[in-house]
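Okay, so here's the structure we're looking at.
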Amino acid sequence: MGLGIDLNSLIFGYLAFAMVVSSVLAVFSKNPVHTVLLVLVMVVHQAFLLLTLGSEFLMAVQLIVYAGAVLVLFLFVVYLINLRKETKHSIFVKRFCLCSLVFLLFLGFMGVNLYLIYGAKKFEQAVLPFNPLEKDNLWWIAHYLFNYYLLPFEIIGVILLVAVLGAVFLVRKVKTTEEA
Amino acid sequence: MVPFEAYLILSSVLFLIGLFGFLMRRNLIVVLVSIEIMLNAIIILFAALSYFKKDITGYVMVFFIIAMAAAEAAIGLTLAILIYKKLKTVYTDEINHYKG
């Protein structure tokens, strides 16, 4: 390129900037509806980041599951609860000092970790290697998912079933106790 | 070509933003959304490791993380609705039912 910046870096820079800005605005926004919509923006950008990381299947899963199901669920709950805007009080908790202490502890921990990782950036031999030129990404994911990760795949199915049944069960139980 | 460190730093920044929201915000819904931001940061890290190491394990883990996040959101939002029904508030510092 003429400017000395290649297209990959440009796309990554835009996606990273949009994700960081939208998540900061989401965390600091007063209105919960705005929070959910800004996280939706972040999730869509992240789906395209997954595409640049070479996985078109995970981009589709990210868009369908996160943008299509999870955040719509959040939006339904925000409308169901009918939150007022947090204009009267601060949007942050009262025990600010304790929480910032925990946050700074994590920040320092992560800084040390990044420093250690930056020193040793050589990658070792891959455990389950794949060649993207031979077959596409979806083929490899399916191959290893159904050959090496079959039991976790079954377990995640049971977890989803239990989550759905548990949600229905919890809501039903409260309804019966309120009527009694 | 974007180096691996760029993805690592992006993932760390997003994780810290999510952690900040998780610790600091009063609204229970926003706390749950912050958990989603943290999970998204981890997804980026797994996918980037998988891409740079030519190892399929990270992609498979991303698949599991997304499925787990869906289950977590369902249960978490159910609990938020139950707390709102019972206590008429979703602000975490007003929920002091068991304080005694």
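The values are calculated or read from the model by the stated rules, or taken from the named source; none is laboratory data. All values reported here derive from a predicted model rather than from experimental measurement. Cβ sites come from the backbone with ideal geometry, for glycine too, and all protein chains shown count toward neighbours. Remember, those area values only see protein heavy atoms, side chains included, never the ligands or the DNA or RNA. Shrake-Rupley method; radii C 1.70, N 1.55, O 1.52, S 1.80 Å.
Taking chain A as a Gaussian network of alpha-carbon nodes connected by springs under 10 Å, the highest mean-square fluctuation of the residues A:LYS122, A:LYS30, A:LYS94 belongs to A:LYS122. Surface analysis of region A:92-136 yields an accessible area of 88 Å² per residue, using protein heavy atoms and a 1.4 Å probe.
Considering only protein heavy atoms and a probe of 1.4 Å, how much of the accessible area of region A:92-136 is carbon and sulfur, as a whole percent? Write out the running numbers ahead of the final one.
Working: 2760 of 3940 Å².
Of all accessible area on region A:92-136, carbon and sulfur atoms account for 70 percent.
Annotation: amide H-H contacts under 5 Å for B:THR89 (H modelled 1.01 Å from N, sequence separation of 5 or more, or interchain): none.
Inter-part distance, region B:15-41 to region A:117-139, computed on C-alpha centroids, equals 30 Å. Could you report the buried accessible area between B and A, both sides summed, computed with a 1.4 Å probe and given in Å² to the nearest 100? Using a 1.4 Å probe on protein heavy atoms, the buried area is about 7200 Å².
Taking only protein heavy atoms into account and a 1.4 Å probe, give the accessible area per residue of region B:27-91 in Å². Don't skip to the end; give the middle numbers.
Values: 1880 Å² over 65 residues.
With all protein chains present, region B:27-91 gives 29 Å² per residue.
With the charge dipole of the protein assembly as shown set up from +1 on Lys and Arg Cβ and -1 on Asp and Glu Cβ about the Cα centre, the Cα lying farthest toward the positive end among the listed residues A:PHE76, A:LEU107, A:ILE91 is that of A:ILE91.
Among the GluC sites (Glu not before Pro) found in region A:37-141, those both in a DSSP coil and sparsely packed, with 14 or fewer other Cβ atoms within 10 Å of their Cβ, are A:GLU124, A:GLU134.
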